[in-house]
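Values quoted throughout were computed directly from the atomic coordinates according to the rules given, and no laboratory measurement underlies them. Here the structure is a predicted model, which means the values were calculated and not measured. For neighbour counting, all protein chains shown are included, and Cβ atoms are generated from backbone atoms with ideal geometry for every residue, glycine included.
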Amino acid sequence: MKQLVIAERFCLTVHIIATLFGLAGLLVVLPNPELVLSLPPVGQTAFRLSMGGGGVAYIVFGAIAVSLYAYRTLGLATTLGFMVPSIALSLSSELLGTSTGFPFGHYQYLTGLGYKIADLVPFTIPLSWFYMGLTCYLLARGGLKVTMGSGLIRHLGALAMGAVLLTAWDLVLDPAMSQAPFPFWQFQEVGEFFGMPYRNLSGWMGTGLLFMGVAAFLWRRTPIILSRSLLTLPLMVYLTNFLFGAAITVVELDARFLLPTLLSVVLGVIPAIAFWWRSNPSLKEMADLLPESGASDAADIPEKVAAQ
């Protein structure tokens, strides 16, 4: 278990560092090519490699970090119960979207995010749906204290808030990735919402609700109780990815884009932090949750939960 934690923290650290290097490259170096020209040949080669593979590394290490975290805290079966539907359904939505315009609007991916599946969707895109979707859903479940025995309303609330957190991230991600000077994808239609079509946002909500709903169904007999300490990594991942999109949107685009950035803070960052803060069961609260989870005593709760 110790080696797993070390690997998880290493991948999270690389994910964060890749985010910062990516921001430095996009915001400082690329707009000032003289900085690259002033580097020795080795430095120029390193810069080209980092810019060519930085987007891939940023997403891949984020996905690995969240996968290791989920395996450690939720177990293999529960992790796969989210990973498989999130990757399969998001990839299906993306392939459908890039082919027909439904459900996100007409758009296409450019370069910088790795090999394209069917020459349409970079393989990193469904990975980002997976790791960001899982962090959003776990934060919502933790904040609303959803367990196996929770009522339907609480389960639906966690699904809705998980999808809202995911879509709130897109409010800063899409402008940064499609309208900044160095885009990774582009819309092929004039968008009504700061360059994005409204159906892009409904497509994000719908896709997130779909695979989170499938995962919730597969998890229906699994007692999952997450404390604040266990939700720290999901919160760090969410804030890191928000920072990436928000920094590019605020710095590279005009003042109009302060509104979607503010909406992302209100609908995403603040609720994510609130969910993290609220999901801190004391020993008494843990005992109160035992009947809901179907466990008769602490020994019936998975070891990863009882160890909190």
query = Using a Gaussian network model of the chain with C-alpha springs under 10 Å, which one of Y58, Y109, Y131 is most mobile by mean-square fluctuation?
reply = Y109
inquiry  = If you build the convex hull over the alpha carbons only and average its shadow over all orientations, what do you get for region 76-306? Give it in nm² to one decimal.
reply    = 12.3
request  = May I ask you to sort C11, C136 by Cβ crowding, counting other Cβ atoms within 10 Å and putting the fewest first?
outcome  = C11, C136
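Kindly state, to the nearest 0.05, the FRET efficiency for D119 paired with W277, given R0 = 41 Å and r defined as their beta-carbon distance.
Details: r = 44 Å, r/R0 = 1.08.
With a Förster radius of 41 Å, E is 0.40.
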key: C-alpha long axis of helix 2-24 to longest principal axis of the chain, angle in °   = 30
query = Exposure proxy check: R228, R221, R256, R199 ranked by fewest other beta carbons within 10 Å?
reply = R221, R256, R228, R199
key: Lys, Arg +1 and Asp, Glu -1 on Cβ, resulting dipole of the chain about Cα centre, debye, nearest 20   = 580
query = Taking neighbour Cβ counts within 10 Å as the exposure measure, how do E8, E192, E94 sort from fewest upward?
reply = E192, E8, E94
message = Suppose a student asked you for the relative contact order of the chain, using Cα pairs under 8 Å spaced at least 6 residues apart; what percent would you report?
response = 22
